[in-house]
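Nothing in this text is a laboratory measurement; each read-out follows from the coordinates by a stated rule. Please read all numbers here as calculations on a predicted model, not as lab measurements. Cβ atoms come from the backbone with ideal geometry, glycine included; neighbour counts cover every protein chain shown.
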């Protein structure tokens, strides 16, 4: 074997493991998670395992608190579900929640729609009312703006009794390289006729910690020393 052939063969033998490793590193698969399986827990930020219980608990508390009062202000003398305008989800947490923002809105809106307590107004009417009045959701707390917005909805045949805001916040506690993050989902309900304010919330604590040599640390942020 001459020198040129020897060098070519040596290079191919040396490069083959590298190419194989790169091929394995780029490989990804997916699978369907059934309803019986637990949600995945995000390693760096909140995810389904955090948001789903927050929505379930906060909405359940709000419905339980409001169910004894089924007298809507719009139709005096009648009893029935309250016409509610779910304005949107505000994210004040330390994380970007991406596509979860729209999903949180849909989850909350669906739960309200299935309950006998509230009768939600379609988001399409809400968006049209905001566009017509050129108002931001956070500007509706000004009385004049609230009157303009509710009047725009009434013109669309959508009278409203309450405004609802969902607000996501977080608080972070650092412990060296590990940290705990407390997620709080608050539902703020405002009576557009009286200005009466009500609120319910749910909280979940989650611990994050680094890995060493590819293995998870045996770490529990809630364990007492």
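Provide the gained length on full extension for the span residue 132 to residue 41, in nm with one decimal, where the gain is 0.36 nm per separating residue minus the Cα-Cα distance. Each step should come with its number before you reach the end.
Working: separation 91, 0.36 × 91 = 32.76 nm, distance 4.10 nm.
Full extension of this stretch gives 28.7 nm more.
Based on the Cβ-Cβ distance from residue 141 to residue 175, what FRET efficiency comes out when R0 is 35 Å, to the nearest 0.05?
Efficiency at R0 = 35 Å is approximately 0.40.
Tell me, what is the percent relative contact order of the stretch 86-225, built from C-alpha pairs under 8 Å that lie six or more residues apart? Walk me through the numbers on the way to the answer.
Working: 187 pairs, mean separation 29.1, N = 140.
Relative contact order, the stretch 86-225: 21 percent.
Work out how much length residue 191 to residue 156 would gain on full extension: take 0.36 nm times their residue separation and subtract the Cα-Cα distance, in nm to one decimal.
Contour length minus the Cα-Cα distance gives 10.6 nm.
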